[in-house]
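Chemist: The following block contains the structure, expressed as structure tokens.
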Amino acid sequence: MMHNLIIRADDLGYSKGVNYGIYESIKNGVINNVGVMVNMKDTLHGLDLLKDFDFDIGMHTVICAGRPLTDPKLIPSLVTEDGYFKPSRVYRQSKHDLVNLDEVVVEIEAQYKFFKKIVGKKPDYFEAHAVYSENLLKGLEIVADKYDLPLLPFDLNLNPVKFKKETTIINYMDSMKPNYNPYKTFNNAVKFAFNSSPNYVPMMVCHPGFLDQSILQQSSLTLPRTQEVDFLCDAQVCNQIDQKDIHLVRYSELN
């Protein structure tokens with residue numbers, strides 16, 4: 001009996017170092033789902049690197065890094081005075097939701113249309129990067145309903161979420177925790193896969209990447225990215241997946 005497990009790489013486009021880490025994790029590792037940040041200056045570089053590989057690609061909606069695709073004057077709740085998105089720490093430190101629903105819908109829709117232009121198809125999954133906001137989540141739902149997109153909800157407490165009609169996804173993402181060990185997270189996800197029904201799918205969210213000046217300046221997640229490249233390309237991990245009959249499922253396969 002095959003046991004389903006999602007292993008996903010986030011943040012394609014964040015920096016060239018991240019792009020090369022994801023490239024390595026696909027070419028020599030186990031990644032077959034990748035989330036792209038369409039608004040970043042290295043997005044097209046990342047897509048070009050991966051053009052010869054077969055994988056599912058999601059839209060990793062961004063409101064906390066880089067510049068928006070909308071005129072900043074039209075979305076003041078999301079941007080700083082210099083026209084860049086507010087950083088994630090601003091959202092985390094606020095006691096109320098900073099995101100204006102109408103404004104975020106405009107930006108999400110702009111990112112979706114650009115995704116279709118540069119990728120050439122709808123995303124295989126549709127979700128958000130790094131910010132928990134009720135209005136961001138509502139905005140994603142509005143755009144997903146309008147364009148019939150496979151929304152992957154986000155739960156701040158990493159509770160199970162529904163995906164499509166029949167699948168429940170259980171999130172395993174520990175990279176922001178102290179003393180992070182991707183092997184431990186992987187083993188916990190595998191254990192869940194062995195003790196659950198096929199419609200309950202564990203999802204290990206990874207952020208593989210190499211460190212360059214761009215990512216060091218922009219992101220609070222640094223060394224775990226390099227740890228995850230090594231983990232995802234570890235031959236022992238690949239062998240364990242084969243020997244235990246683990247199916248690395250793609251979002252497009254789920255119902």
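The values are calculated or read from the model by the stated rules, or taken from the named source; none is laboratory data. The shown structure was predicted, so the numbers you read here are calculated from the model rather than taken from an experiment. Positions of Cβ are generated from backbone atoms using ideal geometry, with glycine treated the same way; all protein chains shown enter the neighbour counts.
Chemist: Restricting region 1-16 to residues that are touching a helix residue (DSSP H, G or I) at 6+ places or on another chain (Cβ under 8 Å) and buried (at least 24 other Cβ atoms within 10 Å of the Cβ), which is farthest from His247 (Cα to Cα)?
Modeler: Ser15
Chemist: I'm checking my understanding of the structure. Among residues of region 23-33 that are in a loop (DSSP other than H, G, I, E, B) and touching a strand residue (DSSP E or B) at 6+ places or on another chain (Cβ under 7 Å), which one is farthest from Arg8 (Cα to Cα)?
Modeler: Among residues in region 23-33 that are in a loop (DSSP other than H, G, I, E, B) and touching a strand residue (DSSP E or B) at 6+ places or on another chain (Cβ under 7 Å), the one farthest from Arg8 (Cα to Cα) is Val30.
Rundown of residues vs (1) of a type in the set (A, V, I, L, M, F, W, C); (2) in contact with a helix residue (DSSP H, G or I) (Cβ under 8 Å, 6 or more places away or on another chain); (3) assigned to a helix (DSSP H, G or I); (4) crowded, with 23+ Cβ neighbours inside 10 Å, yes/no style:
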| site | (1), (2), (3), (4) |
| --- | --- |
| Gly35 | no, no, no, yes |
| Lys51 | no, no, no, no |
| Cys64 | yes, yes, no, no |
| Leu69 | yes, yes, no, no |
| Glu81 | no, no, no, no |
| His96 | no, no, no, no |
| Glu103 | no, yes, yes, no |
| Glu107 | no, yes, yes, yes |
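Table: residues versus (1) buried (at least 20 other Cβ atoms within 10 Å of the Cβ); (2) over 15 Å from Arg8 (Cβ atoms); (3) at pLDDT 95 or above.
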{"site": "Pro198", "(1), (2), (3)": "no, yes, no"}
{"site": "Cys206", "(1), (2), (3)": "yes, no, yes"}
{"site": "Asp212", "(1), (2), (3)": "no, yes, yes"}
{"site": "Thr222", "(1), (2), (3)": "no, yes, yes"}
{"site": "Glu228", "(1), (2), (3)": "yes, no, yes"}
{"site": "Leu232", "(1), (2), (3)": "yes, no, yes"}
{"site": "Gln240", "(1), (2), (3)": "no, yes, no"}
{"site": "Val249", "(1), (2), (3)": "yes, no, yes"}
{"site": "Glu253", "(1), (2), (3)": "no, no, yes"}
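Chemist: Related question: Quick one: Asn157 ticks every box in (1) farther than 26 Å from Gly66 by Cα; (2) in contact with a helix residue (DSSP H, G or I) (Cβ under 9 Å, 6 or more places away or on another chain); (3) not aromatic (Phe, Trp, Tyr) except a single one, so which number is it?
Modeler: So the condition that Asn157 fails would be (2).
Chemist: Considering only residues of region 1-22 that are outside any helix (DSSP H, G or I) and among the aliphatic types (A, V, I, L, M), which is nearest to Gln217 (Cα to Cα)?
Modeler: So the residue we want is Leu12.
Chemist: Also: Here are Glu81, Glu103: which of them is over 19 Å from the mean Cα position of the chain (by Cα) and touching a residue at least 12 places away in the same chain (Cβ under 8 Å)?
Modeler: Sole residue among the options that is over 19 Å from the mean Cα position of the chain (by Cα) and touching a residue at least 12 places away in the same chain (Cβ under 8 Å): Glu103.
Chemist: For residues that are of a type in the set (Val, Ile, Thr) and under 20 Å from Leu152 (Cα atoms), scanning just region 109-133, find the one that is surrounded by the most Cβ atoms within 10 Å (Cβ to Cβ).
Modeler: Restricting to residues being of a type in the set (Val, Ile, Thr) and under 20 Å from Leu152 (Cα atoms), the top hit is Val131.
Chemist: What about Asn19, is it farther than 24 Å from Tyr132 by Cα, buried (at least 22 other Cβ atoms within 10 Å of the Cβ) and not hydrophobic (A, V, I, L, M, F, W, C)?
Modeler: Yes; evaluated as a whole, the condition is true for this residue.
Chemist: Sticking with this one: Give the residues of region 152-193 that are among the hydrophobic types (A, V, I, L, M, F, W, C) and within 16 Å of the chain's Cα centre (by Cα), sorted by residue number.
Modeler: Within region 152-193, Leu152, Phe154, Leu156, Leu158, Val161, Phe163, Ile169, Ile170, Met173, Met176 meet the criteria.
Chemist: Here are some residues: Leu137, Leu149. Which one is under 20 Å from Leu47 (Cβ atoms), surrounded by 12 or more Cβ atoms within 10 Å (Cβ to Cβ), aliphatic (A, V, I, L, M) and under 16 Å from the mean Cα position of the chain (by Cα)?
Modeler: Leu149
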